[in-house]
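Notes to accompany the following structure.
The values are calculated or read from the model by the stated rules, or taken from the named source; none is laboratory data. None of these values were measured; they are calculated from a predicted model. Cβ coordinates were reconstructed from backbone atoms using ideal geometry, including for glycine residues, and neighbour counts include every protein chain displayed.
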Amino acid sequence: MTQKRTFVAADYAVFAVMLVISAAIGIYYAIRDRKSKQGTIGYLLAGRSMPLLPVAISLALSFQSSLTMLAIPAEVYMFGTMILWVDLIYVFIAIIAAEIFLPTFYRLGISSTYEYLELRFNKAARIFGTLAFIVATIFYMGIVMYGPALAFGAVTGFQLWIAVITTGLVCTFYTTLGGLRGVIWTDVFQGVIMFGGFLAVLIKGSVMHGGMGNIWRIAERGGRIDFVHFETDVRIRNTVWSILIGGTIRWAGMYAVSQSQVQRYLSCKSEKHAKWSIYLNVIGLVALITMGVLCGLILFAHYETCDPLQRKCVQKHDQLLPYMMLEIFEDYPGVAGLFVSAVYAGSLSSVSSGINAMATVTLEDMIKPVTNLNDSSYTWISKGIVIVFGLLSIGMAFLLSTAKELLQAAFSLMGLMMGPLIGMFTLGVHFPFVNSIGSISGLLAGIGAGTWFYVGSKGIKKSNDLIRKLPLSVETCATTCGGESYINGNDSWVYGMNYTTTMELPSTGSGDGDSYITSTTLPFTNTTLGAAAGFQDDTPFYTLSYHYISAIGLGFTLGVGILVSLLTCGWKDRKEVDPRCLRPPFDHWMFRCCLPEKVRKFLRFGIEWEDNVPENEEDLKMEESKRDSSNGNSEGILSEAYEPDRVPVNDKDDVNSV
């Protein structure tokens, strides 16, 4: 019988130190800022005074949590390296966020992203946008909180609920005490831990298996090295187009308009610092994803002929890397604790970011508009809201613990909300004729269509032609982890460019819309998988790749939003929109050299436009001084920015005065 490996005292010590330091950072900023006069702006936006480097690190870690540490290596182990195309997505979203949305948000001096929706449309649009963000974030927090609990339970035998509650309470504790400033600096510390955990696995795994060159060759003959799926079939799980199109829309929703990220941009000292923080964060994102993919290759090389899933050593794909880590570091006390600390650090950073962001939008969008309290009261209310959302995230983690594939479940749920949200903001920023009725109708239509697809796809069975789950082997395994004899034959396979293997695919489905049917024999090559017998494609819509769920939401939001607006006098009223809420994308300097003025004029929809970019550093400082003159209270800026009686659209002088 295989002996179960567990933590030793040194591992627990390393893990405990990580939790204590994370909590201590929150305590430090609570004590340091206890006499601060910045109030809620100091607590929720770090006084708008954060330097760019820690903000960039925090941006990179906010959504790179246990998904990166656990699910990316498992994805490579099961499906190959196509997921590495995500690195290119981060370049696209950095440009979108920094050049289109950030200037609009920053120059309006807002505290909540969804304040923009009120300036551009009305209060109802703001409330709908806020609620969509809160729902999406609670789901996501539950997933990333469950991730480290999964790892911790796999390597220590701890009860799942103990691990989940530990994560949630620690996050809630230091977020409540330290506010955004404490969250950002805790992210910096946790980022060091995450990179340390990845490096430990990469170095040890590389040494054990003869270097990364040999690991690459092993993965290549096992079909894991594959970057060239350019098929246009939208049903295939991972293609370049599905990853780039769906991923760009999903991550644009998270990085360009999500409060979790925008809140960090707005905490920077200046717009220039905010832009640099976005571009610098791409370096961290690419590094983390690439390290995750390399760990996945090491994972495959290590279990090349003895798959722990079929041996029943682990129950879920996302437990594979923690299981391997405990094996390879068996003789290195404390290193296993470092890796689990890294997984926890990733989730702590994401959960604390989400909790802080939800507290901000709840206060700014739902409580302040209907109350009239002093700033001290609002600060205490903020801390109470943080506690409530922390507890809700813990509860959501239990509900989501049944997902079999963490990465796919997270991406599906994120895309379901983020596609419609980026669509709603796109309608506001780029289409002056879209009105409040159209924007709300578009948002609801996008969420409804995405939900319809997600729920409908849950029971659909797909052939392995579409899923492309790669074969695994137990050729060298003598027994299962339970001690039973293992009979080789149907589950063994032969490496090569063209070969045939006999394997059984589960008939119960993955639980995330990628169910697949049993096949007796499966012809496999490095580029093609034969069709499984008996597959009936009766519902093609539900067999779309899960990556496209965000595109479905975006498409319905834009289409319905534009149509409803045109039917409700939106075109007639377009010139009454405050130009500071608009930003024609093709008037940006990146496109001026490529698009004729006639084309760009047409895309302004009859609105005069002049980019209100500060000409020099003095103009930029004047804008910052104007924003800060309200002593951090965004309401002063909002009252100036939003004056319904103003019709400045065709007055260039007024545009230049922004």
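Here are the numbers for this structure:
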read-out: Boolean, Leu373 is more than 30 Å from Ile127 (Cβ to Cβ), assigned by TED's automatic domain parsing to the domain that holds Asp187 and aliphatic (A, V, I, L, M); value: no
read-out: Test: residue in region 474-486 that is surrounded by 21 or more Cβ atoms within 10 Å (Cβ to Cβ), modelled with pLDDT under 85 and closer than 30 Å to Val257 by Cβ; value: no
read-out: Per-region count, region 553-602, residues part of a loop (DSSP other than H, G, I, E, B) and farther than 13 Å from Thr426 by Cβ; value: 13
read-out: Hits in region 235-259 (condition: within 19 Å of Gly423 (Cβ to Cβ) and assigned to a loop (DSSP other than H, G, I, E, B)); value: Val257, Ser258
read-out: Any hit, region 258-274, residues being buried (at least 21 other Cβ atoms within 10 Å of the Cβ) and of a type in the set (Phe, Trp, Tyr); value: yes
read-out: Candidate set from region 531-573 (those that are under 25 Å from Ser242 (Cα atoms), crowded, with 19+ Cβ neighbours inside 10 Å and polar (S, T, N, Q)); member that is modelled with the highest pLDDT; value: Thr557
read-out: Leu280 vs. criteria closer than 23 Å to Pro148 by Cβ, among the aliphatic types (A, V, I, L, M) and assigned to a helix (DSSP H, G or I); value: no
read-out: In region 439-467, the residues that are within 30 Å of Leu421 (Cβ to Cβ) and in a loop (DSSP other than H, G, I, E, B); value: Lys458, Gly459, Ile460
read-out: Yes/no for Asp226 being among the acidic types (Asp, Glu), in contact (Cβ under 8 Å) with a residue 12 or more places away in the chain and over 24 Å from Lys383 (Cβ atoms); value: yes
read-out: Unique match (being over 30 Å from Met208 (Cβ atoms) and modelled with pLDDT under 85) among Ser242, Ser277, Ser270; value: Ser270
read-out: Within region 204-213, considering residues that are free of Cβ contacts under 8 Å to residues at least 12 places away in the same chain and of a type outside the set (Val, Ile, Thr), the one farthest from Leu294 (Cα to Cα); value: Gly210
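Condition check ((1) closer than 30 Å to Met18 by Cβ; (2) outside any helix (DSSP H, G or I); (3) more than 16 Å from the chain's Cα centre (by Cα)) across all residues:
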residue: Ile93; (1), (2), (3): yes, no, no
residue: Glu99; (1), (2), (3): no, no, yes
residue: Leu102; (1), (2), (3): no, no, yes
residue: Phe128; (1), (2), (3): no, no, yes
residue: Ala132; (1), (2), (3): no, no, no
